[in-house]
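The values are calculated or read from the model by the stated rules, or taken from the named source; none is laboratory data. As the structure is a computational prediction, the values presented were derived from the model and not from experiment. Using ideal geometry, Cβ is built from the backbone for each residue, glycine included, and neighbour counts are taken over all protein chains shown. Note: areas computed on protein heavy atoms with side chains; ligands, DNA, RNA excluded. Shrake-Rupley method; radii C 1.70, N 1.55, O 1.52, S 1.80 Å.
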Amino acid sequence: MLVVKKFGGTSVANKERIFNVAKRCIEDYKKGNDVVVVLSAMGKYTDELVDMAQDITPKPPKREMDMLFTIGEQMSVALMAMALNHLGVPAVSLNAFQVTMHTTSAYGNARLKRIDTERLRTELESRKIVVVTGFQGINKYDDYTTLGRGGSDTTAVALAAALRADACEIYTDVDGIYTADPRLVPTARKLKEITYDEMLDLATLGAGVLHNRSVEMAKKYGVTLVVRSSLNNEEGTVVKEDVNVERMLVSGVALDRKADRVAIVGLKDEPGIAFKVFDCLARKNINVDVILQSIGRDGTKDISFTVDDEDIEETMATLQENKSRLAFDRIESETKIAKLSIVGAGMMSNPGVAARMFETLYNANVNINMISTSEIRITVLIEESQGERAIKAVHDAFGLAD
Ligand code: ADP
Ligand code: ASP
Ligand code: MG
């Protein structure tokens, strides 16, 4: 059996944790399995690298940021291979260049395109545990790229798909996927199973337990994921196409405090204007969410939408650059907002879910700014300061509490 095991930052934060992970990998190896280990940078080291860069310049070039980021993962894989060797098991560490993991060229937000498996296979055939850097890749210029914060999960799933692994296990600091972030909602309950679609929405809407692209890729290649703790032997949560357990109306609730809102006021009300606005943002690789268009005055309209807070400056600058082409009156941004979402495949066949969510927010005295829905999701934009209260109220209202 070939197993891919991914360990996040807290799971390799110090010497004790590194040896703990090494021992878990050796258990698998001693069963006769081929073991590929994907690691993140130790503890909060990636954040420290961001701080170091910021200390030099407020806007470091993205290429150089990626060059800097890659040392975090490189450090953990080398130390892990040393620990495994120390415990008497042959191991080798590999970075994205050595594997090779090809990505698109977008620094800081690259997508994996193809992974060469030859070197990995050779190392596995010589009965080594192979320890691979998460998060990083190589683009067509032979430069390092990174997959976006939290991207090591995606590396693990991509490797599992490329190697046709029998299992892909994501080890983290919680023992599974919960109905809400247990740090925010202490009464959250662990789920036994969740579908790819539900998890993809939750991950995209703020549940940072999995990188959203890892779920997208798992669905595409049919990789079953197990999310569990590196510190205990609890069962964890399985992410797959269909779940066996009875569908709950709502499977989870997520809060995204990183969302910012942009309003373009006084756009000319004519065909093609929405296309022009979102096209110029798409060209800059800016992801746009929750869009609202409303009628303005005198043949004008307003368009509001949300972007990730990392993109807000570039969004405003891009719109400003295109002001004459887009012909708007003014643009405004609002950063103190949050996105609150409920997700559940059971919603599809049950009317009244939205009403219950809105009623709950009304009773909690939370004002809704914007609403967006899909078949299995309802998202509202609210004031950031009310986020925690709102997520707790909604979580309780749908009977998710333990
Ligand atoms: P790692 O470094 O292992 O990748 P992350 O910090 O990226 O770990 O993800 C684990 C964290 O995700 C947990 O500590 C938890 O606070 C957070 N989280 C957010 N939403 C959820 C959820 N629905 N279920 C479990 N954890 C969640
Ligand atoms: N080390 C990277 C980060 O902190 C990647 C990851 O942890 O998945 O974002
Ligand atoms: Mg993570």
Task: Residues whose placed amide H lies under 5 Å from that of Ile129, excluding near-sequence neighbours - done: Ala91, Val92
TODO: For the range 233-392, calculate the relative contact order in percent as a whole number, restricting contacts to Cα pairs under 8 Å that are 6 or more residues apart.
DONE: 30
TODO: List every residue whose amide H lies under 5 Å from the amide H of Gly108, counting only residues 5 or more places away in sequence or on a different chain, with H placed 1.01 Å from N in the peptide plane.
DONE: Thr146
Task: Value at 222 nm in deg cm²/dmol, rounded to 500, when DSSP H runs of n ≥ 4 in the chain each add -39,500 (n - 2.57) - done: -10500 deg cm²/dmol
Task: Within the range 180-274, GluC sites (Glu not before Pro) in DSSP loop having at most 14 other beta-carbon neighbours inside 10 Å - done: Glu234, Glu235, Glu241, Glu246
Task: Percent carbon-and-sulfur accessible area, the range 334-398, ignoring ligands, DNA and RNA, probe 1.4 Å - done: 45
Open item on the list: Cut-off 20 Å, label point 7 angstrom out along Cα-to-Cβ of Arg114: give me the residues of the range 127-165 whose amide nitrogen falls inside.
Closed with: 136-147, 155-165
Task: Karplus 3J(HN,Hα) series, Hz, for the range 297-303 with 6.51 cos²θ - 1.76 cosθ + 1.60 (x for Gly, Pro) - done: 10, 6, x, 10, 9, 10, 10
TODO: Please calculate how many Å² of accessible area the range 20-165 carries per residue, with a 1.4 Å probe and no DNA, RNA or ligand atoms counted.
DONE: 45
Task: Cα-based radius of gyration of the chain once divided by 2.2 N^0.38 Å, which approximates compact folds - done: 1.04
Open item on the list: Kirkwood Rh and Cα-based Rg: tell me the resulting Rg over Rh for the range 128-268, rounded to two decimals.
Closed with: 1.03
TODO: Report in % the part of the accessible area of the range 146-270 that belongs to carbon and sulfur, leaving out ligands and nucleic acids; probe 1.4 Å.
DONE: 44
Open item on the list: Based on the alpha carbons, how large is the Rg to Rh ratio for the range 259-383 when Rh follows Kirkwood?
Closed with: 1.01
Task: Relative contact order (%) - criterion: Cα under 8 Å, at least six apart; region: the chain - done: 13
- [ ] Report ³J(HN,Hα) in whole Hz for each residue of the range 284-292, in order, from the Karplus equation J = 6.51 cos²θ - 1.76 cosθ + 1.60 where θ = phi - 60°; Gly and Pro get x.
- [x] 9, 6, 9, 7, 10, 10, 4, 9, 10
Open item on the list: Just to compare against my own numbers: the Cα pair-distance distribution for the range 327-396, 5 Å bins, whole % per bin, please.
Closed with: 3, 15, 27, 22, 14, 9, 5, 4, 1, 0
Task: Sequence-distant residues sharing a close amide H with Gly8 (under 5 Å, placed H) - done: Tyr171
